[in-house]
1. Along its three principal axes, how long is the chain when you only count alpha carbons? Whole Å, largest extent first please.
2. Test of understanding: extend the Cα→C-beta vector of residue 96 to 7 Å, then name every residue of the range 11-27 with backbone N under 18 Å from that spot.
3. Pairs of Cα atoms under 8 Å, at least six residues apart: use those to get the relative contact order of the chain, whole percent.
4. Can you list residues whose amide H is under 5 Å from residue 245's amide H, if they're 5+ apart or on another chain and H is modeled 1.01 Å from N?
5. Once phi is turned into ³J(HN,Hα) by the Karplus curve 6.51 cos²θ - 1.76 cosθ + 1.60 with θ = phi - 60°, what whole-Hz value does each residue of the range 187-198 show in order, with x for glycine and proline?
6. Tabulate in residue order the Karplus-calculated ³J(HN,Hα) for the range 235-246, using 6.51 cos²θ - 1.76 cosθ + 1.60 with θ = phi - 60°, rounded to whole Hz; enter x for Gly and Pro.
7. Taking the Cα centre of the chain as the origin and placing charges on Cβ (Lys, Arg +1; Asp, Glu -1), which of 72, 201, 34 is farthest toward the positive end of the dipole?
8. I'd like the Karplus ³J(HN,Hα) series for the range 110-122: coefficients 6.51, -1.76, 1.60, θ = phi - 60°, whole numbers in Hz, and an x wherever there's a Gly or Pro.
Amino acid sequence: MAGPPLASELDFQYRNGGLHFPHLGLWMDPHHPVRTGEWVVVSHAHSDHTARHSAVILTEPTRRLMRSRISGTRAERVLEFNECLHQSDLESSTTQTPFGLSLHPAGHILGSAMARLEVNGDSLLYTGDFKLREGQSCERCEPVHARTLVMETTYGRPRYIFPPTEEVLASVLHFCRTSLDAGITPVLISYSLGKAQEILISLLKANLPIQLHASSARLTEIYADLGYQFPRWTLLDPETARGHVIITPTARPLLSAQPGMGPLRIASLSGWALDRRWPTTNENQPRFALSDHADFPDLVRFVKEVRPQRVFTLHGFAADFARHLRRQGMEAYALSEDDQLELSL
Ligand SMILES: [Zn+2]
């Protein structure tokens, strides 16, 4: 772990992309399956934050989304947002150390949670992925105070400033309409979990014919079960896809159906659209900066709202963002990029 030891029950190690709290018998978001009897907090159901663990703590939407993506059985402890779970409430805990654990909305995708730990009056907040901009397909982020903050910093460089989400979604709608008017099928390449549902909701009033890739469709049905409203859509079928707005994580089934599909206009939706070096298959391919992560100004704002004494950064430009915080006079260390040489303790 970069930085000094915490020397408390909140001691943690950064391992396999996640945090391990050996004194508490807890993990947060490890990439590898944990089957040691220790409990794993799953912050949200994206595949880089889940694995075949034997015992998980998570929100109800994450439980349902995770079940649809990872088969098998596991012990599940579902927490409401802001509910406090005590170590003594946890069946088969591997520790005797009393702690409190609560989950708070992260605003990243439906059910995404930040985890706050409290031990002996000391506290730590782990963000998982988060964003402060409000989305229509997930809960609004609620920063809470902690003495130590462990945060994701995917877009931790000042150049990453996202345009307002409504503006981006209005441009996506314009792209779809003008393509269809020109007899061209618009294809929106986006993650099947989170972004596909955000786009879909933004098309609610547009009254356009829509086809969804099967992986997005399955997850969208869970959102609908949980009360979210979507426009009418049908399953992606290359035979009938012509003239529809296509929402899919990959254009492959459409490209292999050519020339029958007719002309396609393929657009990508990602925060990396701000990056000129972001690879696309075609230089002229439209790209929209729609992201489910915080941009740089929101990372800064988030730290201000949490008011930590010490920050650990991980994912993306972790070293850059830790350096930025140190320049502001904060104690900050990168976990996922080595900035040991720049530490001034
Ligand atoms: Zn995520």
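Every number here is computed from the coordinates shown, using simple stated rules; none is lab data. Since the structure is predicted, the reported quantities are computational estimates derived from the model, not experimental observations. Don't worry about glycine lacking a Cβ; one is built from the backbone with ideal geometry, like all the others, and counts go over all protein chains shown.
1. Here the spans come out as 64, 45, 31 Å, largest first.
2. Answer for the range 11-27: 22-26.
3. 16
4. Close amide H contacts, sequence-distant or interchain: 210, 211.
5. Going residue by residue, I get 10, 9, 8, 7, 3, 6, 10, x, 6, 4, 6, 5 Hz, with x marking Gly and Pro.
6. 5, 4, 9, x, 5, 10, 6, 3, x, 9, 7, 9
7. It is 201.
8. Computed from phi, the couplings for the range 110-122 are 4, x, 5, 9, 8, 10, 10, 10, 9, 9, 6, x, 9 Hz.
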